[in-house]
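Trainee: Just passing along the structure, written as structure tokens.
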Amino acid sequence: MLDGLRATLHRMIETPRGDGVAVVRVPKILARNLNDLLGNPLCSAEEMARRRAAAARLANLTTAEKPAARREPTPVIVYYEKDRNQRLVDRVRELLDARGIAYRMLDVAGDERTMAFIVREAQCEEDDLPIVYVGAAALGGYEKLVESDVSGALRQAVFGA
């Protein structure tokens, strides 16, 4: 019923009938301007049907199941020296494998520049290898890796929230 009233009022203000008389023309102009200002609530039946169809399409699009955006895991790099602290290297591998975290093992034996970088960034000694990096941040040795794993910080750093 309300739609019929809206369509009838729209026809009344849009018809050219009576525009020759100023008493009819001026209120129609004011009514058209007010209708435009309010976002055209008075419109034809076809326009109302078009608007309803657009609103239904929008509702379908907004309620449609959106696939969860998957984020690439942060790269994990384990720096170690060839024959030093092999037991800790094996433990680091076991922990990362058990958590399903992909990692790269980089041997820094004989690479003084990389060793200096690791010691400086991780604030450790050369004897503290293996050192785990998550992205660009030094996580630390095996003990720090276990602490961050237990607290959940490792999973969050690698896979995100």
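The values are calculated or read from the model by the stated rules, or taken from the named source; none is laboratory data. Here the structure is a predicted model, which means the values were calculated and not measured. All Cβ positions, glycine included, derive from the backbone under ideal geometry; neighbour counts span all protein chains shown.
Trainee: Which members of the stretch 144-161 meet the condition of being of a type in the set (S, T, Y) and closer than 14 Å to T74 by Cβ? So that I can check it myself, show each step before the final result.
Mentor: Taking the stretch 144-161 and keeping what is of a type in the set (S, T, Y), we get 148, 151.
Correct list: S148 only.
Trainee: Continuing with the same structure: If you go through the stretch 38-58 one residue at a time, how many are part of a helix (DSSP H, G or I), within 15 Å of L9 (Cβ to Cβ) and of a type in the set (A, V, I, L, M, F, W, C)? Lay out the reasoning, then the answer.
Mentor: So the first thing to find is which residues in the stretch 38-58 are part of a helix (DSSP H, G or I), and the list is 45-58.
Next, from what is left, pick out any that are within 15 Å of L9 (Cβ to Cβ): 45, 47-48.
Subset that is of a type in the set (A, V, I, L, M, F, W, C): 45, 48.
Residues in the stretch 38-58 being part of a helix (DSSP H, G or I), within 15 Å of L9 (Cβ to Cβ) and of a type in the set (A, V, I, L, M, F, W, C): 2 in total.
Trainee: Right, something else. Do you know which of the residues in the stretch 97-114 that are touching an Asp or Glu at 6+ places or on another chain (Cβ under 9 Å) and crowded, with 17+ Cβ neighbours inside 10 Å is modelled with the highest pLDDT?
Mentor: Ranking the candidates gives Y103 first.
Trainee: Continuing with this model, one more query. Could you please find all residues in the stretch 137-161 being of a type in the set (A, V, I, L, M), surrounded by 13 or more Cβ atoms within 10 Å (Cβ to Cβ) and assigned to a helix (DSSP H, G or I)? Working first, answer last.
Mentor: Pass one, the stretch 137-161, residues of a type in the set (A, V, I, L, M): 137-139, 145-146, 150, 153-154, 157-158, 161.
Then keep just the ones that are surrounded by 13 or more Cβ atoms within 10 Å (Cβ to Cβ); that gives 138-139, 145-146, 153-154, 157-158.
Correct list: L145, V146, A153, L154, A157, V158.
Trainee: Additional query: Just need a number here: residues in the stretch 59-84 that are hydroxyl-bearing (S, T, Y), modelled with pLDDT under 85 and not in a helix (DSSP H, G or I). Please lay out each step first, then the result.
Mentor: Here is the first cut: in the stretch 59-84, the ones hydroxyl-bearing (S, T, Y) are 62-63, 74, 79-80.
The next check asks that each one be modelled with pLDDT under 85; those that pass are 62-63.
Now drop any that are not not in a helix (DSSP H, G or I), which leaves none.
Residues meeting the conditions: 0.
Trainee: A follow-up question, please. Does R120 satisfy the condition of being at pLDDT 85 or above, of a type in the set (D, E, K, R) and either exposed (fewer than 14 other Cβ atoms within 10 Å of the Cβ) or under 19 Å from R87 (Cα atoms) (or both)? Quick ask: steps written out before the conclusion?
Mentor: On the way: at pLDDT 85 or above: yes; of a type in the set (D, E, K, R): yes; either exposed (fewer than 14 other Cβ atoms within 10 Å of the Cβ) or under 19 Å from R87 (Cα atoms) (or both): yes.
In short, yes.
Trainee: So, one more: Going by what's in this entry, would R87 be described as assigned by TED's automatic domain parsing to the domain that holds M105 and either among the basic types (K, R) or assigned to a helix (DSSP H, G or I) (or both)?
Mentor: On the way: assigned by TED's automatic domain parsing to the domain that holds M105: yes; either among the basic types (K, R) or assigned to a helix (DSSP H, G or I) (or both): yes.
Taking the combined requirement at face value, the residue satisfies it.
Trainee: Residues that are loosely packed, with under 13 Cβ neighbours inside 10 Å and of a type in the set (S, T, Y): does the stretch 37-59 have at least one?
Mentor: no
Trainee: Of the numbered conditions (1) under 31 Å from the mean Cα position of the chain (by Cα); (2) outside the structural domain of V132 (by TED's automatic domain parsing); (3) among the small types (G, A, S), G20 satisfies every one except a single condition; which is it?
Mentor: Tallying (1) under 31 Å from the mean Cα position of the chain (by Cα); (2) outside the structural domain of V132 (by TED's automatic domain parsing); (3) among the small types (G, A, S), G20 fails exactly one: (1).
Trainee: Out of all the residues in the stretch 102-136, which are of a type in the set (D, E) and assigned to a helix (DSSP H, G or I)?
Mentor: Step one: list which residues in the stretch 102-136 are of a type in the set (D, E), which gives 107, 111-112, 121, 125-128.
E112, E121, E126, D127, D128 - these are the residues of the stretch 102-136 that are of a type in the set (D, E) and assigned to a helix (DSSP H, G or I).
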